Amino acid sequence: MSTPNHLFTAMFAQHYQWLRSRVSRTLGCRFRADDVAADTFVRVLRMDDLSSIREPKTLLSTIAKRLIIDSWRREDIERAFLASLATEPHNTVVDPEEHAQVMQYIVALDKALSAVSRQAKQAFVLSLFDGLTYEQIGRALGISKSRVHQHMEKAYMAAFQVMPHE
């Protein structure tokens, strides 16, 4: 029987270059491909039972795709955040550490809200960021005010999971 370390080393030796090349074609950047391929193998290394992997290329592709999608989502969120900062007065200076913390929180919030329905997420965003009332949200989404309330409860419960607690 092979040890987990041996299984990982063998998988890495056999498939790293293939994965890196595949991801590089998708992203068009070999440096980002290096990062995604390395992160993919870090995820594999954290798995409990490497001996159960029957289709390593399929597993590696799936993990890499998820990492790429997560990075695209994070970039979209960061672009939106930076666009909102651009509307602030020019004398507003954002500390890089604060920026990183806000981005980390926003990404975590987005991930938490992925557990609720699309309508609940829309209601949450319309309320929190656009300042709409439940009645206005209901009209915008074509649902009742009580349904908006139900969606908001679910969204707040998801958001509460990632809120910093002091």
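Within segment 66-85, the only residue that satisfies the criterion of being without any contact (Cβ under 8 Å) to a residue 24 or more places away in the chain and either of a type in the set (Ser, Thr, Tyr) or closer than 22 Å to ALA10 by Cα (or both) is SER84.
Just to be sure, is THR26 touching a residue at least 12 places away in the same chain (Cβ under 8 Å) and either in contact with a His (Cβ under 9 Å, 6 or more places away or on another chain) or open to solvent by 50 Å² or more (accessible area, probe 1.4 Å) (or both)? Answer is yes for this residue.
So that you can scan it fast, the table gives a plain yes or no per residue for (1) in contact with a helix residue (DSSP H, G or I) (Cβ under 7 Å, 6 or more places away or on another chain); (2) open to solvent by less than 60 Å² (accessible area, probe 1.4 Å); (3) at pLDDT 90 or above:
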| site | (1), (2), (3) |
| --- | --- |
| PRO89 | no, no, no |
| PRO96 | no, no, no |
| TYR134 | yes, no, yes |
| ALA140 | yes, no, yes |
| LYS145 | yes, no, yes |
| GLN150 | no, no, yes |
| ALA159 | yes, yes, no |
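Scanning segment 29-75 for residues that are of a type outside the set (Lys, Arg), open to solvent by 90 Å² or more (accessible area, probe 1.4 Å) and part of a helix (DSSP H, G or I) yields PHE31, ASP35, LEU45, ILE69, TRP72. The C-beta contact set for segment 36-54 (first residue more than 14 Å from HIS15 (Cα to Cα), second residue assigned to a helix (DSSP H, G or I) and open to solvent by 60 Å² or more (accessible area, probe 1.4 Å), distance under 6 angstrom, 6+ apart or interchain) comprises LEU50/PRO4. Every test in (1) under 22 Å from PHE81 (Cβ atoms); (2) under 20 Å from the mean Cα position of the chain (by Cα) is passed by LEU132 save one, and that test is (2).
The values are calculated or read from the model by the stated rules, or taken from the named source; none is laboratory data. Computed from a predicted structure; not experimentally measured. FYI the Cβ positions are ideal-geometry reconstructions off the backbone, even for glycines, and counts take in every protein chain you see. What goes into the accessible areas is simple: the full protein's heavy atoms, side chains included, and nothing from ligands, DNA or RNA. Shrake-Rupley method; radii C 1.70, N 1.55, O 1.52, S 1.80 Å.
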